[in-house]
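Take a look at the structure set out below.
The values are calculated or read from the model by the stated rules, or taken from the named source; none is laboratory data. Predicted, not measured: the structure shown is a model, and the values here were computed from it. Neighbour counts are summed over all protein chains in view; Cβ atoms, including those assigned to glycine, are modelled from backbone coordinates with ideal geometry. Side chains included, ligands, DNA and RNA excluded: accessible areas come from the protein's heavy atoms. Shrake-Rupley method; radii C 1.70, N 1.55, O 1.52, S 1.80 Å.
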Amino acid sequence: MDPNLLVEARSLGVSYGAKRALDGVSFTIPKGRVVGLLGHNGAGKTTLMKALVGLVKPAQGDLAVLGLDPLCDRVALLEQACYIPDVAILPRWARVNDLIGLMSGLHPRFSAERARALLRRTSVDPADKVKTLSKGMVVQAHLALVAAIDARLMILDEPTLGLDVLSRKAFYEMLIDEWCDGERSVLVSTHQVEEIETLLSDVLMLNEGRLVLSIGLEDMDRRFYALAHDPAVAEQVAAAHPLLRYRVGPGSARTAALFDGSPPASVQALGQRVRPSLVDLFVALTRRPELDRTQF
């Protein structure tokens with residue numbers, strides 16, 4: 001395995017009875033990346049994350065995480081990889097200081113000093129009992145405890161689920177400022193695509209168990225072409241078979257067409273190129289009939 005690759009997956013397959021949760025999924029995660037894992041509910045995101053930390057056994061394919069087999073080498077893997085599931089659960093009876101002491105005894109790479117330094121960036125006091133904390137504060141405390149582990153890979157499954165916008169912003173600021181250092185990587189699954197797009201370096205997009213996109217954000221801007229145009233030329237643009245047509249901004253009369261690759265020059269001349277958002281690309285590649293935005 002390439003030492004610069006923290007994750008290498010080839011043709012992963014996972015089934016739950018007749019349901020194919022992952023179907024031939026292949027990707028890599030190099031070091032120093034912040035990777036967004038996107039997909040509708042049931043697309044296979046949580047299954048993939050659990051496979052990465054040895055909680056799910058793939059029925060087919062090859063998977064190496066930090067050069068280790070997540071199933072056979074799970075103890076060694078969890079010394080270098082952190083996983084926060086979609087619900088932050090901490091024992092309600094404990095004080096945060098108790099949890100710091102517990103982690104110090106459980107994990108050889110945990111730093112109590114770093115955990116307290118991270119907590120100082122939040123409204124959580126180490127003397128607080130978990131049962132007195134708001135949901136947002138529990139999430140912040142959970143992240144501080146996990147980020148205090150000297151790990152190389154952090155896996156986050158909907159880490160800000162149910163939090164208000166200020167709490168979500170504080171969470172991601174602490175994550176990027178205090179944990180990402182150019183060597184470590186983060187894989188984060190979220191439905192708050194607009195909020196994290198500027199933080200991401202790469203995107204993995206799942207649709208019904210299949211990986212429909214694995215790309216860096218810079219390459220995404222080069223590959224996909226969005227053309228803003230007036231309604232008068234809509235039929236001409238539509239004839240070039242875009243992936244998606246959508247309105248440019250709320251209340252706008254202008255529409256845009258999203259293409260995989262550059263459309264013909266004659267079509268480009270009908271409008272102005274604009275940057276496609278990650279949300280628009282997500283809709284285009286994973287569109288369901290009930291979410292279809294091509295009708296005006």
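A Cβ-based charge dipole, computed about the Cα centre of region 95-145 with Lys and Arg at +1 and Asp and Glu at -1, lands at about 100 debye. Remark: accessible surface ordering of Trp179, Trp93 (largest first) is Trp93, Trp179, probe radius 1.4 Å. Each Lys and Arg adds +1 at its Cβ and each Asp and Glu adds -1 at its Cβ; summed about the Cα centre, the chain shows a dipole of about 520 debye.
For Val34, nonlocal amide neighbours, meaning residues 5 or more places apart or on other chains whose placed amide H falls under 5 Å from its own, are Val186, Ser201, Asp202.
Normalised per residue, the accessible area of region 7-123 is 49 Å², obtained with a 1.4 Å probe and no contribution from ligands, DNA or RNA. Ignoring everything except DSSP H segments at least 4 long, calculate the 222 nm mean residue ellipticity for the chain; use -39,500 (n - 2.57) per segment, divide by total residues, nearest 500. Rounded to the nearest 500, it is -8000 deg cm²/dmol. Here the accessible area of the chain is 50 percent carbon and sulfur, with a 1.4 angstrom probe and all protein chains present.
Among the DSSP beta bridges whose two residues both lie in the chain, what percent are antiparallel, rounded to the nearest 5?
DSSP beta bridges in the chain are roughly 70 percent antiparallel.
Can you tell me which of Gln272, Gln60, Gln140 moves the most in a GNM of the chain? Springs connect C-alpha atoms under 10 Å apart. The residue that fluctuates most here is Gln272. In the structure shown, do any of Lys19/Lys50; Lys31/Lys169; Lys31/Lys135; Lys45/Lys169; Lys50/Lys169 have a Cα-Cα gap over 28 Å, and if so which? Long pairs (Cα-Cα over 28 Å): Lys31/Lys135. Largest GNM mean-square fluctuation across Leu270, Leu153, Leu37, computed for the chain with C-alpha springs under 10 Å, falls on Leu270. The dipole here belongs to region 95-232: it is taken about the Cα centre, uses +1 on the Cβ of Lys and Arg and -1 on the Cβ of Asp and Glu, and is about 660 debye.
Taking all protein chains together, Asp69, Asp164 sort by accessible area into Asp164, Asp69, largest first [probe 1.4 Å]. The gain in end-to-end length when the Lys131 to Arg109 segment is fully stretched comes to 5.2 nm, 0.36 nm per residue minus the alpha carbon separation. Taking the chain as a Gaussian network of alpha-carbon nodes connected by springs under 10 Å, the highest mean-square fluctuation of the residues Cys180, Cys82, Cys72 belongs to Cys72.
Mind checking the log10 I(q)/I(0) for the chain at q = 0.09, 0.10, 0.11, 0.13 Å⁻¹? Debye, one equal scatterer per Cα, no solvent, two decimals. Ignoring solvent entirely, the Cα scatterers give -0.51, -0.62, -0.73, -0.96. Between Ile215 and Lys19, the distance separating the two model label sites (each 7 Å from Cα on the Cα→Cβ line) works out to 2.9 nm. For Cys72 and Glu183, a Förster radius of 22 Å and the Cβ-Cβ distance give a FRET efficiency of 0.30, rounded to the nearest 0.05. Database remark: amide H of Phe224 closer than 5 angstrom to the amide H of Gly261 (H placed geometrically; neighbours at sequence offset of 5 or more, or on other chains; Pro and chain starts carry no H). Label-to-label distance, Glu194 versus Val274, with points set 7 angstrom from Cα along the beta-carbon direction: 1.4 nm.
Shape class for region 205-259, computed from the alpha carbon gyration tensor (a ≥ b ≥ c): prolate, with a/c not under 1.5 and a/b above b/c. Between Leu5, Ala94, His229, the Cα set farthest toward the positive side of the dipole of the chain (charges on each charged residue's Cβ, about the Cα centre) is that of Ala94. Simple spin-label estimate for Ala265 and Ala238 gives 2.8 nm between the two label positions (7 Å along the Cα-to-Cβ direction from each Cα). Cross-link partners for Lys57 among the aspartates and glutamates, with Cα-Cα distance under 17 Å and sequence neighbours closer than 8 places in the same chain left out: Glu8, Asp23, Asp69, Asp73.
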